[in-house]
Amino acid sequence: MKGAEAYVNDQWHSSGLADLPKRPEPHSVTLTFIVPRDAQTTGLITHIRDVAQQKLHEAYGDRQVTHKPVVGSVVGDGSGDGIELVFDIAAAS
């Protein structure tokens, strides 16, 4: 089974991590990961969220990064294999 770090690293560009907005005001970032339905577990999705949140902390420095509840199998391609992770980025100080 593929681990959370592998999903984040493999999908760095397609998830949106490679092209993050750098606005100083507060904003939200939505990252989309493709995880096959049969591999989706609460633990894996939560771990992907935690790894992605750590990457966002690294990208945004001292700004607070909080996550919203995970929404699974909602990518508009109809496959049911996608998860969308939404994070709120606090304003720059």
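Numbers below:
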item	result
Selection from the stretch 42-60 of residues that are open to solvent by 20 Å² or more (accessible area, probe 1.4 Å) and among the small types (Gly, Ala, Ser)	43, 59
Within the stretch 23-41, considering residues that are touching a Gly at 6+ places or on another chain (Cβ under 9 Å) and either over 15 Å from residue 84 (Cα atoms) or among the polar types (S, T, N, Q) (or both), the one most open to solvent (accessible area, probe 1.4 Å)	30
Odd one out for residue 1, checked against (1) open to solvent by 90 Å² or more (accessible area, probe 1.4 Å); (2) farther than 13 Å from residue 82 by Cα; (3) at pLDDT below 95; (4) part of a helix (DSSP H, G or I)	(4)
Tally, over the stretch 48-84, of residues that are at pLDDT 95 or above and not in a helix (DSSP H, G or I)	5
Any hit, the stretch 25-39, residues being touching a residue at least 60 places away in the same chain (Cβ under 8 Å), of a type outside the set (Ser, Thr, Tyr) and in a loop (DSSP other than H, G, I, E, B)	yes
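The values are calculated or read from the model by the stated rules, or taken from the named source; none is laboratory data. All figures in this text were calculated on a predicted structure; none of them were measured in a lab. Methodologically, a virtual Cβ is constructed for each residue, glycine included, from the backbone with ideal geometry; neighbour enumeration extends over all protein chains shown. When the accessible area is computed, the model is the full protein with side chains, heavy atoms only, and any ligands, DNA or RNA have been set aside. Shrake-Rupley method; radii C 1.70, N 1.55, O 1.52, S 1.80 Å.
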